1. Does residue 568 satisfy being at pLDDT 95 or above, over 21 Å from the mean Cα position of the chain (by Cα) and assigned to a strand (DSSP E or B)?
2. If I ask for residues that are surrounded by 23 or more Cβ atoms within 10 Å (Cβ to Cβ), touching a strand residue (DSSP E or B) at 6+ places or on another chain (Cβ under 8 Å) and either in the same structural domain as residue 171 (by TED's automatic domain parsing) or closer than 19 Å to residue 33 by Cα (or both), which ones from the stretch 625-650 would you list?
3. Got a sec? Which of 485, 494 is closer than 23 Å to residue 553 by Cα and in a helix (DSSP H, G or I)?
4. Does at least one position in the stretch 269-278 carry a residue that is touching a strand residue (DSSP E or B) at 6+ places or on another chain (Cβ under 9 Å), under 28 Å from residue 645 (Cα atoms) and either part of a strand (DSSP E or B) or in the same structural domain as residue 523 (by TED's automatic domain parsing) (or both)?
5. Could you list, in sequence order, all residues of the stretch 107-136 that are under 26 Å from residue 159 (Cβ atoms) and within 23 Å of the chain's Cα centre (by Cα)?
6. Among the numbered criteria (1) out of contact with any strand residue (DSSP E or B) (no Cβ under 8 Å at 6 or more places or on another chain); (2) buried (at least 17 other Cβ atoms within 10 Å of the Cβ); (3) in a helix (DSSP H, G or I), which one does residue 600 miss?
7. Among (1) exposed (fewer than 15 other Cβ atoms within 10 Å of the Cβ); (2) closer than 29 Å to residue 91 by Cα; (3) touching a strand residue (DSSP E or B) at 6+ places or on another chain (Cβ under 8 Å), where does residue 488 come up short?
């Protein structure tokens, strides 16, 4: 038996296309039961985990057909939105070239082609012909999905090590290309993560993942031209909480092997000129101790949280790198997060975050007295913005590149002259289609949380279309892993802004927007702050006239999809529409399954449900377990069959269960990309079509067509 989904009156439901619920497939199956800590978890939809089952594939395809049928009358709108978004991108474009060991490297795009082309030219020969290093469009021929992971050129510029994923499952295959002959060598390795060259131009180090848990756990050494069967296992990480990653100091002298969890890490180093040598530990791992090393003139510079959650900068001799030898350069500050340090021969930069906004300070090594004196603090002019390092490969330089953008200012690359203290604009993203920056307004406010904490909110709207409490309001949130929500320019948003939407970004606890304490206040046994902050932000925006209380849409993905599910359960009356991408909504079943990718490492973010207190706390907010009978917002729930981060069955189960409980007449759509992963479509045009589909849903639901 097939049960028709209820839809809003404005959308007609084709009688011949209806989604399946548990009535047909589940009638032949027993629900899964989990008994733990005196609780019984019943999972009627556990059968959807059987990815190889034709019945499961048929179920997902039926849901896709239903979503397409319900959205059919929006197809002209989708086409209009897609054409607008394409019209706002410069389809044939080139990035700012960056120098690296005798070459200028850049990427370019061509009109009508889905993927970038990686190129270089000789740095010394201005008229030198372009060399195409890697054309991703060529790699993507006959593939439904294509993603480039590792991309590393040997010191002499002769060899390229790169990896590709053709399914979206983030399982990458490593290959080596001879850039002198253009030949791709026959040798390749599966399930590769990080890749780094030694300085001999023939030795390559790479990490590989465990097949079941997708944890980078082994580091191998490979010599180009030899069989991978001969590769030496250099290190294996036994602790399931930790992942491996390999890199190289900016001066090129040392290789760094990092083992990291969500709350701790340790690093080993090896001279890049002796790839068969012995790795040396910088500082043994300790619970809750993080440090990240770079090197200059026989000294390690380490950004570390040993003296406080917001990190400080210390130094140590290479020969005595342990914690007892650390000497402070920049102190820990309670109100400023030290997010990143970029180290060069004559200066270093400190990227800091204060009051939720990034700041950049530049320090000189000109003499001993100036080593801790800022040459200049680079200021940024707008109330809400993003700024971050650009590509800076050269160690001995007096120039530093950084990127800047805001909700109304397109992405720009600047070059800062350390000697003169001046910044020069190298390139600003061109926005075709008549974009006029002066038409748009950006603001930043603070909403007061239930416990009195001020939660930052970044807002943008078109000035001539903003009414007094009448606009459709769109709010985005994430709030997990200490990730700071970026406030950047996105030309796709113009399609909403020009139709009168007010867009808001909620910098809720659980993210890193106000430093590591902000993250701590929204994880583990304080995770509910993430959800209540988002609700308070929504209420504050409505109360201050930014939008109509009956026309509120919210959006989030992955851990932000958990946010969507939690707040829809807590305050379904507050939202008119929800777009939830690859949502982590089946918290209990996933975190109780240690065989799944990410589960064990993420005990440090969500808690370990095998411990009773954590189990009961997580059970109290898990979206899947807390679905209840009643009215819900209209929902567009999106997933991908090959998602390796949040398995497709989480949103599929969530929608199936909600169908049996919701009592309203609003849309509930599940759409599965059958050939992609966590990030959706890989081609830029295909991705825009997905966004047009989402935006059409929002415009229709909020009456903004």
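The values are calculated or read from the model by the stated rules, or taken from the named source; none is laboratory data. Just so we're clear, the structure is a prediction, and the values are computed from it rather than from any experiment. Cβ coordinates were reconstructed from backbone atoms using ideal geometry, including for glycine residues, and neighbour counts include every protein chain displayed.
1. For residue 568, the condition - at pLDDT 95 or above, over 21 Å from the mean Cα position of the chain (by Cα) and assigned to a strand (DSSP E or B) - is not met.
2. 650
3. On the way: 485 fails: in a helix (DSSP H, G or I).
Answer to the selection: 494.
4. No; the residues of the stretch 269-278 include none that is touching a strand residue (DSSP E or B) at 6+ places or on another chain (Cβ under 9 Å), under 28 Å from residue 645 (Cα atoms) and either part of a strand (DSSP E or B) or in the same structural domain as residue 523 (by TED's automatic domain parsing) (or both).
5. 107, 108, 109, 115, 116, 117, 118, 136
6. So the condition that residue 600 fails would be (3).
7. Going through (1) exposed (fewer than 15 other Cβ atoms within 10 Å of the Cβ); (2) closer than 29 Å to residue 91 by Cα; (3) touching a strand residue (DSSP E or B) at 6+ places or on another chain (Cβ under 8 Å) one by one, residue 488 breaks only (1).
Residues are listed down the side, and each one gets a yes or a no for (1) within 23 Å of the chain's Cα centre (by Cα); (2) assigned to a strand (DSSP E or B):
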site	(1), (2)
416	no, yes
421	no, no
426	no, yes
457	yes, yes
